[in-house]
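Taking it in order: structure first as structure tokens, then the write-up.
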């Protein structure tokens, strides 16, 4: 445990660095991650129509399709963003849906993704997985998730968070391309996805000069004791 004298030394040194402009006292702000066609609106389908053709920005495998819902699927035929949704069938077909993130290479910080998951009136909701990938194959370990139960005929927002913090784990991947991927699990049913969003919060890295100043401040303080 850090002793009290060392704590006050660090606190005093950090205050001096803030005044000198070497360290900022504010928290980093989250940047929006660009996701192409996040609501599957390109192209907009006619009411009740399903398309098995990959839509711009997304690649599909198995029984993943795109749908403009009708009253058969959701009350009022509503999506949460625009008109279309993506639907992923289970049945052991290995369905998946993925996008290579166009402007996002792996960096140190926190990645957060959220999207709306719907339970269709005409189908059973199956299990749905989500991954952040590096170089299309390496899975970034999940830090936390919030996946509330989805009532029949409704949508709920799911959130997945990934912390890229440990150099020994990620240093060989920094700057590499990233991908997001949805996976279908189960023997039957469908999952519906809409309104995919992402943010990234970088970790501010103190300059070498700031680190040296902190170390010198602690050493000088301790020598005066």
Checklist entry - Residues in segment 196-209: is at least one surrounded by fewer than 18 Cβ atoms within 10 Å (Cβ to Cβ), assigned to a helix (DSSP H, G or I) and either modelled with pLDDT under 95 or in the same structural domain as residue 71 (by TED's automatic domain parsing) (or both)? => result yes
Checklist entry - residue 65 versus (1) in contact with a strand residue (DSSP E or B) (Cβ under 6 Å, 6 or more places away or on another chain); (2) over 30 Å from residue 30 (Cα atoms); (3) in a loop (DSSP other than H, G, I, E, B): which is the lone unmet condition? => result (3)
Checklist entry - For segment 2-13, does any single residue satisfy the condition of being closer than 26 Å to residue 183 by Cβ, assigned to a loop (DSSP other than H, G, I, E, B) and either at pLDDT 95 or above or not assigned by TED's automatic domain parsing to the domain that holds residue 184 (or both)? => result no
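When you scan segment 148-169, how many residues do you find that are within 17 Å of the chain's Cα centre (by Cα) and surrounded by 14 or more Cβ atoms within 10 Å (Cβ to Cβ)?
The total comes to 9.
Residue under question is residue 141, and the condition is that it be assigned by TED's automatic domain parsing to the domain that holds residue 48, more than 21 Å from residue 33 (Cα to Cα), at pLDDT 95 or above and assigned to a loop (DSSP other than H, G, I, E, B); does it hold?
Values: assigned by TED's automatic domain parsing to the domain that holds residue 48: yes; more than 21 Å from residue 33 (Cα to Cα): no; at pLDDT 95 or above: yes; assigned to a loop (DSSP other than H, G, I, E, B): yes.
It is false that residue 141 is assigned by TED's automatic domain parsing to the domain that holds residue 48, more than 21 Å from residue 33 (Cα to Cα), at pLDDT 95 or above and assigned to a loop (DSSP other than H, G, I, E, B).
Do we find that residue 164 is touching a helix residue (DSSP H, G or I) at 6+ places or on another chain (Cβ under 6 Å), closer than 21 Å to residue 98 by Cα and modelled with pLDDT of 95 or more in this structure? Before you say what the answer is, go through the steps one by one.
Working: touching a helix residue (DSSP H, G or I) at 6+ places or on another chain (Cβ under 6 Å): yes; closer than 21 Å to residue 98 by Cα: yes; modelled with pLDDT of 95 or more: yes.
When the stated conditions are applied, residue 164 passes them.
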Checklist outcome for this item: Just one listed residue, out of 61, 142, 132, is more than 18 Å from residue 41 (Cα to Cα) and surrounded by 21 or more Cβ atoms within 10 Å (Cβ to Cβ), and it is 132
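Residue-by-condition table, conditions (1) within 30 Å of residue 76 (Cβ to Cβ); (2) out of contact with any helix residue (DSSP H, G or I) (no Cβ under 9 Å at 6 or more places or on another chain); (3) assigned to a loop (DSSP other than H, G, I, E, B):
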{"position": "100", "(1), (2), (3)": "no, yes, no"}
{"position": "104", "(1), (2), (3)": "no, yes, no"}
{"position": "153", "(1), (2), (3)": "yes, no, yes"}
{"position": "175", "(1), (2), (3)": "no, yes, yes"}
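Tell me the residue from 90, 86 that is over 25 Å from residue 31 (Cβ atoms) and either in contact with a strand residue (DSSP E or B) (Cβ under 6 Å, 6 or more places away or on another chain) or in contact (Cβ under 8 Å) with a residue 40 or more places away in the chain (or both), please. Before you say what the answer is, go through the steps one by one.
On the way: 86 fails: over 25 Å from residue 31 (Cβ atoms).
Answer to the check: 90.
If you scan segment 176-190, which residues turn out to be under 17 Å from residue 58 (Cβ atoms) and more than 20 Å from the chain's Cα centre (by Cα)? Show your work before the answer.
Step one: list which residues in segment 176-190 are under 17 Å from residue 58 (Cβ atoms), which gives 177-184, 190.
Once the filter is applied, which keeps residues that are under 17 Å from residue 58 (Cβ atoms) and more than 20 Å from the chain's Cα centre (by Cα), segment 176-190 yields only 190.
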Checklist outcome for this item: Residue set 42, 47; condition more than 11 Å from residue 194 (Cα to Cα) and out of contact with any helix residue (DSSP H, G or I) (no Cβ under 7 Å at 6 or more places or on another chain); output residue 42
Checklist outcome for this item: Contact list, first residue from segment 45-58 and assigned by TED's automatic domain parsing to the domain that holds residue 178, second anywhere and loosely packed, with under 12 Cβ neighbours inside 10 Å and part of a loop (DSSP other than H, G, I, E, B), beta-carbon distance below 9 Å, six or more apart or interchain, is 48/72
Checklist outcome for this item: Of the candidates 55, 80, 87, 110, the one satisfying the condition of being in a strand (DSSP E or B), within 19 Å of residue 198 (Cβ to Cβ) and under 21 Å from the mean Cα position of the chain (by Cα) is 110
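The values are calculated or read from the model by the stated rules, or taken from the named source; none is laboratory data. The shown structure was predicted, so the numbers you read here are calculated from the model rather than taken from an experiment. Glycine gets a Cβ as well: all are built from the backbone with ideal geometry, and neighbour counts include every protein chain shown.
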